[in-house]
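Inspection log for the structure reproduced underneath, given as structure tokens.
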Amino acid sequence: MSSNRDLVVRCPFDDSIYGTLQSTAAEQVPAVLATARRAQAAWATVPVPERARVFRRLAGLILDNRDRILDVIQAESGKARLSAFEEVMDAARAVRVFAGSAPGLLRARRRGGAIPLLTKTIEHHRPVGVVGIINPWNYPFNLPASDGAQALLAGNAVVLKPDSQTPFTALLLADLLAEAGLPAGLFQVLPGSGAELGPALVSGVDYLMFTGSTATGRKLARACAERLIGFSGELGGKNPLLVLEDADLATAAAGTVHGAFANTGQVCVGIERAYVHTVVYEEFLDRLLDQVGSLRVGVGYDWNIDVGSLSSAGQLAAVSAHVDDAVDKGAAVLAGGQARPDLGPYCYEPTVLTGVTPDMLLCREETFGPVLAVYRVASEDEAVERANDSRYGLNASVWSARRGPDVAARLRTGTVNVNEGFAATWGSHAAPMGGMGESGIGRRHGNEGLLKYTEPQTVSVQRLHRIAPPPRLGNEGYAKLMTTAIRLLNRGTR
Ligand code: NAP
């Protein structure tokens, strides 16, 4: 059990104290869940179009409060303003898309009954109850906004445990939801440590949506399995990018820069390895290095920074360790490769490496920073084979005029962006997003992302006759009758 203590949030721009708040104690979690449960019982009776209205308002409020949200996201995470804006833009669009699709998706649907005319069968989607969301620091606003929207639209209450580093962003989201008209108790935030609050949360919720590392995801999946509750995990990645012979190299280079260095490389779907066809390798690399050289690295709230700070000393140490290990083992640094304490305590240069070999940490492990390894490949087949050679399977990016969709079919990743790094699939909110392999289980966004927060319930009403031998027919007569009936039914079934 834990007790309340002060949670001190530091701003990565200068390591100053941004704010202090009291963390939730583990023993308070059951009361929070009880409040959520009471609020959920009433919310489940609210018609879906009325629930959706809250999220239409939320979408507007997110845009109206854009700058206020950007300031808090940046202060807690250290990211560049443009990266923070990508979160805000994503959240405003996602919640609106989900509000539009929820009423149709959650409508009760008539299904074919056991006996035509005699059995009336309806499929319903009932809310699971209370959904726990555990979120990381790298996207502290759009992830809980969009996951929360899907869970709430489905009729659930949400209890969010944000990362210890980003509680104020989560609390701002809670304020906006209240302003949008969400009834009290339906969206509660538990600031505090995951290791302390996680067990209490998992032991009381009806579903857990987790975003974070594969290691933590595994632990939480085990705990959910023990309770036989649903679990969805959006976990790590080591995402490949393929530049094929017929790629437009100018756009491929620009797209690679965004894919690898947006959000200072701290993006689950961000690009960490590029496989470039030998025919275009030199030209692509020249164009890439040109673009990387013009990136403005730094800290602060103005719009003129392309690559912001890493989020913490821990992140800086992890990124430096990967690059140093690669350099020690013989990799060549073509751009960056250094921390920039002169710009900000956790700034790190956008880095491009070649000569990366399997004995180097960053060859296979997720770096989660502004570091890209570029590899020369002899063919499309080699690019596909090497892209798939990973325990992860979150996102892939393919640059090609004609081959994109065919190559996508051979890639083992949950999303494939053709002629884009990650934003095209991520921003397609009506389609599912998530990972294969050790990148996760379950999907967010799309129909799957909403329906996972429901329990399908089938209700069948039987009329006139039960499905059993009528007394006058006898068992054998019934079997004969039904054999003929099923033959006829099967003939008429496509
Ligand atoms: P992490 O250590 O797993 O932390 C993520 C969240 O889990 C935090 O809120 C953390 O709490 C909490 N947590 C930690 N241990 C816990 C436990 N034992 N029980 C319950 N909760 C626990 O992840 P991270 O390394 O900070 O985040 C980066 C990772 O997230 C990367 O691997 C990245 O790829 C992944 N990510 C994936 C996606 C996606 O959609 N696939 C999106 C974004 C990020 P505290 O830190 O507050 O204690």
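The values are calculated or read from the model by the stated rules, or taken from the named source; none is laboratory data. The shown structure was predicted, so the numbers you read here are calculated from the model rather than taken from an experiment. Reconstructed Cβ throughout: ideal geometry from the backbone, glycine too, with neighbour counts over all protein chains shown. Just the protein is used for accessible areas: all its heavy atoms, side chains included, with ligands, DNA and RNA removed. Shrake-Rupley method; radii C 1.70, N 1.55, O 1.52, S 1.80 Å.
Under a Cβ-Cβ cut-off of 13 Å, what is the net charge of the residues other than GLY404 that fall near it, where Lys and Arg count +1 and Asp and Glu count -1?
Spelling it out: positives minus negatives among the neighbours equals -3.
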Hey, if we sort VAL8, VAL158 by accessible area with the 1.4 Å probe, largest down, what's the order?
VAL8, VAL158
Over the range 1-121, relative contact order from alpha-carbon pairs under 8 Å, at least 6 apart, %
23
Built amide H within the under 5 Å cut-off of PHE231, gap 5+
LEU208
Could you state how much accessible area TYR139 has, in square angstrom rounded to the nearest 10, with a 1.4 Å probe and all protein chains kept in place?
20
Relative to the first principal axis of the alpha-carbon coordinates of the chain, what is the inclination of helix 214-227, with its axis defined by its Cα atoms, in degrees from 0 to 90 and to the nearest 10?
20
Relative contact order computed over the range 239-430 (Cα-Cα under 8 Å; 6+ residues apart), in percent:
29
Restricting to lysines and to Cα separations under 18 Å from LYS219, and discarding same-chain partners fewer than 8 apart, the set is LYS161
³J(HN,Hα), Karplus 6.51/-1.76/1.60, whole Hz, each residue of the range 464-474, x for Gly, Pro:
6, 10, 6, 8, 6, x, x, x, 7, 8, x
If you count only protein heavy atoms and use a 1.4 Å probe, how large is the accessible surface of THR493, to the nearest 10 Å²?
90
Solvent-accessible area, 1.4 Å probe, carbon plus sulfur percent, for the chain:
53
Compactness of the range 239-430, expressed as Rg and Dmax over alpha-carbon positions, Å
15.6, 46
Pull up all non-local amide H partners of TYR375: gap of 5 or more, or a different chain, and H-to-H distance under 5 Å with H placed in the peptide plane.
ALA274, TYR275, VAL276
With every protein chain present, what is the per residue accessible area of the chain (1.4 Å probe, Å²)?
42
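Given an 8 Å cut-off on Cα distances and at least 6 residues of separation, report the relative contact order of the chain as a percent.
Values: 1088 pairs, mean separation 87.4, N = 494.
Computed value for the chain: 18 percent relative contact order.
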So, taking all protein chains as they sit and a 1.4 Å probe, how much accessible area belongs to PHE187, in Å² rounded to tens?
20
Each residue of the range 408-414 in order: what ³J(HN,Hα) in whole Hz does its phi give by Karplus 6.51 cos²θ - 1.76 cosθ + 1.60, θ = phi - 60°, with x for Gly and Pro?
3, 5, 9, 9, 9, 9, x
Compactness summary of the chain: radius of gyration and Dmax from Cα atoms, Å, are 25.5, 93
